[in-house]
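What follows is one structure encoded as structure tokens, with my remarks underneath.
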Protein chains: 2
Amino acid sequence: MDIATLRARHPDHWMRAAAIRTLTLDAVAAANSGHSGMPMGMADVATVLFSKHLKFDPSAPRWPDRDRFILSAGHGSMLIYSLLYLTGYADVTLEQIKNFRQWGAITAGHPEYGHVSGVETTTGPLGQGIANSVGFAMAEENLRARYGAKIQDHYTYVIAGDGCLMEGVSQEAIGIAGRQKLSRLIVLWDNNDITIDGKVSLSDVTDQKARFAASGWDIFECDGHDPEDIDRAITAAKKSPRPALIDCKTHIALGHAAQDTSKGHGALTDKAQLEAAKEGYGWKHGPFEVPAEVKSWWESLGSRGAAARAEWETRLAALPQGKRAEFERTFALEVPGKLASAIRALKKQAAADQPKLATRSASEKVLNVINPILSETFGGSADLTGSNNTKTADLGVFDVESRKGRYMYWGIREHGMSSAMNGMALHGGIRPYSGTFMAFTDYARPAMRLSALMGLPVVYVMTHDSIGLGEDGPTHQPVEHLAISRATPNTLVFRPADLTEVAEAWEIAFSQKTTPSVMALSRQNLIAVRKTHTNQNLTAKGAYVLAEAEGSRQAILIATGSEVEIALKARDLLQAEGIGTRVVSMPSMELFAAQDEAWRKKVLPAGPVRVAIEAGVRQGWDRWLLGERGREAKAGFVGMSSFGASAPYDRLYKEFGITAEAAAEKVKALL
Amino acid sequence: MDIATLRARHPDHWMRAAAIRTLTLDAVAAANSGHSGMPMGMADVATVLFSKHLKFDPSAPRWPDRDRFILSAGHGSMLIYSLLYLTGYADVTLEQIKNFRQWGAITAGHPEYGHVSGVETTTGPLGQGIANSVGFAMAEENLRARYGAKIQDHYTYVIAGDGCLMEGVSQEAIGIAGRQKLSRLIVLWDNNDITIDGKVSLSDVTDQKARFAASGWDIFECDGHDPEDIDRAITAAKKSPRPALIDCKTHIALGHAAQDTSKGHGALTDKAQLEAAKEGYGWKHGPFEVPAEVKSWWESLGSRGAAARAEWETRLAALPQGKRAEFERTFALEVPGKLASAIRALKKQAAADQPKLATRSASEKVLNVINPILSETFGGSADLTGSNNTKTADLGVFDVESRKGRYMYWGIREHGMSSAMNGMALHGGIRPYSGTFMAFTDYARPAMRLSALMGLPVVYVMTHDSIGLGEDGPTHQPVEHLAISRATPNTLVFRPADLTEVAEAWEIAFSQKTTPSVMALSRQNLIAVRKTHTNQNLTAKGAYVLAEAEGSRQAILIATGSEVEIALKARDLLQAEGIGTRVVSMPSMELFAAQDEAWRKKVLPAGPVRVAIEAGVRQGWDRWLLGERGREAKAGFVGMSSFGASAPYDRLYKEFGITAEAAAEKVKALL
């Protein structure tokens, strides 16, 4: 269908959608970079969605019962910026649109969560938005079950492109959503047949509708440029008892010389072509100009949402006081005071019992205490429930018939799980944590990075955190993964040594508001290393003196997790030879780095030989060995410099030389 | 169907398959760990595959025209160890079976490439095997087109479980295989309805057959315990013009008390249950005992393969001398002498021209020289061909109708692409390289780790390697990814500064036999920093003095890639103030670390202030700043400590303080 016909059929709709298209063209031209084609192709779908279906209130962008709109195809960021500007979100001013992709503007190249009030999640890395959306929809189901439909009753809409659907993580997301019958999840597929390299058929022949249907989705179709057809499809999809895919047949860069080509995917900045496109649209306004009647129509949509929001406020106010407080507390990510006292009691007990157990088991003990106190926690595992020790008895299982359940069997989907956890955290009201083997950090990485970039307090429970995993061998033994997580900005990496440190680490992790945590936990049993109870959370200091040198302090052994026990044994060997040796436990490098110099100097004074013991690569350790008053000539490392091997774990520690004897020898060689 | 009936129907087959089951039970019991259920469930399928279809010769495990058998469900490693022992692979002795999962044994917990002659790829991280297999099948198609069906004419068989199919990477693999009509690829799905956490239905309801069909696969089914039905299905699948999925309905841990349960997935070590299972099988032999007639039947399969292999040797010998030499050279990963001279000529030209260009464009120039010389190279990109600059004119495009093509449009599938590259490298005869944006290292990580673990000389072309990417913003700007790749054992990370270093880096990368490489390349244009030609490959030294201090040497600036230019400018500023400053270019930390101390000391002598400049996180740099004769008080770093932002790249460099001025100031503050 040609542009003239489209215009003639729905003249009002046409101009409203044209506002998105022209703002996109102008902003990309001004930035001289960006992606024009997607917003131009999906403008009609977005216009219908926002005007006829989406529940939103620009004056209260964080309203907990709003519908969520997720632009999985994040490169089409001008679509969402246009929509937010047009509907009247205060932060998305025309100035911001004009400064698209410039330093200091909130209108980044890809939509960044936290920059723009109406952006629900950071997208750009393809497939993440659609996988996030599964978590959004799960959170809604869970909270609706727990707080009632008067408080939580909304949809999650996703715009996804061919790129999102080619990424493997989309399959994990589709599988989870289909299994869980997430009927409030609606994916609008921008089916434009184009990728950067050319036609989709260059690299894919997948029948996407059949693929989604195979995982239990309902399928709808529409002409993505016909507002009536789009409305019909969305209306039908909302009634579906299953997650819904709407195949929106669209033309990328509609009405531009680059329409239907891979060139249309990118920045369309040719001035003459731009003018010609506007001409074809019947758009007679200057750059960034939107006629008043179009703008006010868009703004009227927002006002409609304000009324719905006011009604919701009334319903929230009518909730029993305790329930309302709980709802507000969890959305504010506040932690109840009871948490600290419960952790203290647990630590006191641990000091008395001195249990020998794997830190993954210790973690289960701690979760047994925390989960009843924090109703917002939501656990899970990527098919390793019994190994990750993430399930506690009180949680219940989240399922189609048990939406109140707070434990999820994610299946063998580390990436989808992690990305869905991001979605749950973004939705609000929920603190997700889930587990896999630490070596499979690799599978979860794209989502872990986005937790950090977005500042989401998701907790990754990474058990079997070294060669201590034993017989499963090098594919399952993390070696570089502590370094990988530590290299990532805004990420807290914990490697606790015993039940006490595990309890402290969980307390910190669940108190975060803007930082994800990685819990590196052992498979193998470990002795209790903290012998005396302290009310203070020593893990919060990052590192501390666990055992002081007797006599003159000649050496400091620094260790984490399962190697703290080895450091203590090495200290015994050295002290027996009269070598005064301090042991420092360092459960979190990030937290230690954040302490003032006085504390750091107290823990790591100049002078003594320093040897670090950790069953991972050295990268990241030189800061504490050579830096912080250390010296190359007096520093050593006992750890891994290669991948692991398959054998019982005690044999592996011996063969790879991570032993008390080796650490003691290293110290003596450096003295 | 009960065991007795199965036994009665095919008594000979039954005992041959029972040998796999009992060896598995005995080995897992001896190791007291491992996975019994999968080999017990798939023993019948494997027996039929090996006896009626698989082309193999235990006396020549690396025979280039063998069929490839890939155990994607790697936890079932005793399946392949049993098969290799039974058919007579010399290295898989009974002793090795008895030492399953023990230190020093080649029979690791998961099958490790390079340990066992008949193991085609390392599996265990789920989904990798099936994604590798796409690369195996592509390699076969490509080499068959180039060398003829007399030389390359074989199938790739994969056993995959539900875990493999839930992992997202499987979707990427399925999509590639379907699009490319890889008709020699046959996936045998161990459809046993069980995962670790319970029934598959706990986490998935996907109709796998419909899902594969949606991507262009042909679907077959069989009763996975009926040898005739299995044979019929495999026979039909081999004739399919498309990749084939065979749904093998099986019972996990067949015949054991744990049959059809998630317990059956793991280690079945209960002695009484083990005996009862053997009793049910009609197996009256001691642990690890296989009756002579069964063993000799299995060995006879191997002899049959030896005849086929001898015929193949004759055909190979009949090839024209040049073609045969080329085939043998590429399978031996030998590099022709012409490479070095071509690189030298290119460097000479570069020294004369001093081109200002992005290192990704420099890379294309180098590939334009190399690809015509190295017929084994095979390039590609995950839908960023124009951005990664990986395509050269002579390659041709690999497609259904052009199998000789050496360039692949992988689609938006970084993970599947990387895993398939591993498969191509494992197949032999091909040196794969492919590109994406460096930030998407995250998506490719599981496969990149396996390149390193297996020792495959795959090259990852990672362009847009810093905030220099500019407007696309933090999701697309790598910050921690140099550290991530450097933390990984057996990985060469190159960050070349100009055309000369790019040429040197490619020469090194394509000369590797057992190490993958990461090429970190800039989006932005860079000046030529190597002004004079040297025959020597200086990048091979890891780091070298690019510009010597004039006057007394007070400072050393160390930089990589796009920041070398900044270091040179900082040197100008410092020299102008009379501060003698050396600039060290460090294109590869790994190669520098491998140099003898004399070289390292020459490049990084004790004394001067050291400041490193790299637009990434500091992790990994302390080794060169504080170590190697460095001192904390005289060391500084100019780089990133947070994620990036969206803006033109030159603005970002300024805002994040990665400038010549900042570096010069840092030096002066430390003097």
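We did not get these values from a lab; they are worked out from the coordinates using the rules stated. Everything numeric in this text was worked out from a predicted model, so none of it was measured. Neighbour counts are summed over all protein chains in view; Cβ atoms, including those assigned to glycine, are modelled from backbone coordinates with ideal geometry.
If you take every DSSP beta bridge fully contained in the protein assembly as shown, what fraction is antiparallel? Give it as a percent rounded to 5.
The antiparallel proportion sits near 10 percent.
Taking each full run of DSSP H in chain B as one helix, which ones are at least 27 Å long along their axis (Cα atoms) and have mean Kyte-Doolittle hydropathy of at least -0.5?
Answer set is B:11-31, B:128-147.
What residues have an amide H closer than 5 Å to that of residue B:558, excluding those fewer than 5 places away on the same chain, when H is modeled at 1.01 Å from N in the peptide plane?
Amide H neighbours of residue B:558, under 5 Å, 5+ apart: B:584, B:611, B:612, B:613.
I'd like the antiparallel share, as a percent to the nearest 5, of DSSP beta bridges with both residues in region B:327-456.
Just about 10 percent of them are antiparallel.
Using only C-alpha atoms and all pairs of different ones, pull out the Kirkwood radius for region A:338-521 in Å with one decimal.
Its Kirkwood hydrodynamic radius stands at 16.2 Å.
Could you check the spin-label model distance between residue B:12 and residue A:532? Points 7 Å from the Cα along Cα→Cβ, value in nm.
7.8 nm
Per residue of B:646-655, what is the mean number of Cβ atoms on other protein chains within 10 angstrom of that residue's Cβ?
4
Expressed as a rounded percentage, what relative contact order does chain B have, with Cα pairs under 8 Å and six or more residues apart?
So the answer I get is 12 percent.
Per the Kirkwood formula on distinct C-alpha pairs, the Rh of region A:3-310 is how many angstrom?
19.1 Å
In region B:287-348, if the dipole is taken from +1 on Lys/Arg beta carbons and -1 on Asp/Glu beta carbons about the Cα centre, which of B:306, B:345, B:296 is farthest to the positive end?
So the residue we want is B:345.
Restricting to bridges with both residues inside chain B, how much of the DSSP beta-bridge set is antiparallel, in percent to the nearest 5?
Counting only bridges with both partners in chain B, antiparallel ones make up about 10 percent.
Under 5 Å between amide hydrogens, which residues at least 5 positions from residue A:194 or on another chain qualify, with H placed 1.01 Å from N in the peptide plane?
Amide H neighbours of residue A:194, under 5 Å, 5+ apart: A:200.
Given N residues in the protein assembly as shown, what is its alpha carbon radius of gyration divided by 2.2 N^0.38 Å?
0.90
If you take the charge dipole of the protein assembly as shown about its Cα centre, with +1 on Lys and Arg Cβ and -1 on Asp and Glu Cβ, which of A:331, B:361, B:61 is farthest toward its positive end?
Going by the Cα projections, it comes out as B:361.
Please compute, for peptide B:93-101, the average count of beta-carbon atoms on other protein chains lying within 10 Å of each residue's beta-carbon.
1
Which whole number gives the average count of other chain Cβ atoms within 10 Å of the Cβ atoms across peptide B:629-639?
That works out to 2 on average.
Within chain B, what's the longest run with no trypsin sites (Lys or Arg not before Pro) in a DSSP loop and at most 13 other beta-carbon atoms within 10 Å? Give the range, please.
Longest gap between qualifying sites, sites excluded: B:63-283.
Relative to the Cα centre, what is the charge dipole magnitude of chain A, using +1 at the beta carbon of each Lys and Arg, -1 at the beta carbon of each Asp and Glu, and rounding to the nearest 20 debye?
1840 debye
Return the calculated 222 nm mean residue ellipticity for chain B, to the nearest 500 deg cm²/dmol, obtained by summing -39500 (n - 2.57) across DSSP H runs with n ≥ 4 and dividing by the residue count.
Roughly -13000 deg cm²/dmol at 222 nm, from the helical runs in chain B.
Nearest 20 debye, what's the magnitude of the dipole of region A:541-670 about its Cα centre given +1 on Lys and Arg Cβ and -1 on Asp and Glu Cβ?
Dipole of region A:541-670, to the nearest 20 debye: 340 debye.
Over region A:530-671, calculate the relative contact order: mean separation of alpha carbon pairs under 8 Å at least 6 apart, over the residue count, as a percent.
Relative contact order here is 26 percent.
Tell me which residues come under 5 Å, amide H to amide H, from residue A:268 once H is placed; ignore anything under 5 positions away on its chain.
A:36
Net charge near residue B:273, counting Lys/Arg +1 and Asp/Glu -1 over other residues with Cβ under 11 Å of its Cβ?
Net charge around residue B:273: 0.
Test of the criteria: in region A:369-415, which chymotrypsin sites (Phe, Trp or Tyr not before Pro) are in a DSSP loop and have at most 11 other Cβ atoms within 10 angstrom of their Cβ?
For chymotrypsin sites (Phe, Trp or Tyr not before Pro) across region A:369-415 that sit outside H, G, I, E and B with at most 11 neighbouring Cβ atoms in 10 Å, the list is empty.
With contacts defined as alpha carbon pairs under 8 Å and 6 or more residues apart, what's the relative contact order of region B:124-199 in percent?
The value is 41 percent.
Specify the inter-centroid distance of region B:153-208 and region A:362-410, based on alpha-carbon positions, in whole Å.
Here the answer is 29 Å between Cα centres.
Taking the Cα centre of the protein assembly as shown as origin, work out the dipole magnitude from +1 charges on Lys and Arg Cβ and -1 charges on Asp and Glu Cβ, in debye rounded to 20.
In total the dipole reaches around 2200 debye.
Would you mind listing the distances between the residue A:402 label point and the same position in each other copy? Use 7 Å along Cα-to-C-beta, nm, one decimal, shortest first.
Counterpart label points of residue A:402 in the remaining copies fall at 5.6 nm.
What ³J(HN,Hα) values, in whole Hz, does the Karplus curve 6.51 cos²θ - 1.76 cosθ + 1.60 give for region B:52-62 when θ = phi - 60°, with x put for Gly and Pro?
Using θ = phi - 60°, the values come out as 10, 10, 5, 9, 7, 9, x, 7, 9, x, 9 Hz.
Gap in Å between the Cα centre of region A:486-552 and the Cα centre of region A:232-309?
The two parts, judged by their Cα centres, are 51 Å apart.
Which one of B:543, B:138, B:213 is farthest out on the positive end of the charge dipole of chain B, using unit charges on Cβ (Lys, Arg +1; Asp, Glu -1) and the Cα centre as origin?
It is B:543, whose Cα lies furthest towards the positive end.
Starting from region A:256-336, pick out the GluC sites (Glu not before Pro) whose DSSP state is loop and whose Cβ has at most 13 other Cβ atoms within 10 Å.
Listed in order of number, the matching sites are A:334.
Give a residue-ordered list of calculated ³J(HN,Hα) values for region B:210-217 (Karplus: 6.51 cos²θ - 1.76 cosθ + 1.60, θ = phi - 60°; whole Hz; x for Gly, Pro).
Each residue's phi maps through the Karplus curve to give 5, 5, 5, 4, 4, 9, x, 8 Hz.
For residue A:633, go 7 angstrom from Cα along the Cα-to-Cβ vector, then report the distances to that same point in the other copies in nm, smallest first.
Between copies, matching label points for residue A:633 lie 1.4 nm apart.
Check each of the chymotrypsin sites (Phe, Trp or Tyr not before Pro) in region A:107-203 and keep only those in coil by DSSP with at most 13 other C-beta atoms within 10 angstrom; list them in order.
Within region A:107-203, no chymotrypsin sites (Phe, Trp or Tyr not before Pro) qualify (loop, at most 13 other Cβ atoms within 10 Å).
So what is the orientation-averaged projected area of chain B, using the convex hull of its C-alpha atoms, in nm²?
Averaged projected area of chain B's Cα convex hull equals 30.2 nm².
Take the alpha carbon gyration tensor of region A:430-516, find the square roots of its eigenvalues, order them as a ≥ b ≥ c, and report rounded if a/c is under 1.5; if not, report prolate when a/b exceeds b/c, else oblate.
oblate
For region A:541-670, what value does the Rg/Rh ratio take when both radii are computed over Cα atoms and Rh is the Kirkwood radius, given to two decimals?
That ratio equals 0.95.
How far, in nm to one decimal, is residue B:661 from itself in the other copies if the label point is set 7 angstrom along Cα toward Cβ? Shortest first, please.
Copy-to-copy label distances for residue B:661: 6.0 nm.
Please report how far the C-alpha centroid of region A:624-671 lies from that of region B:629-650, rounded to the nearest whole angstrom.
For region A:624-671 versus region B:629-650, the Cα centre distance is 29 Å.
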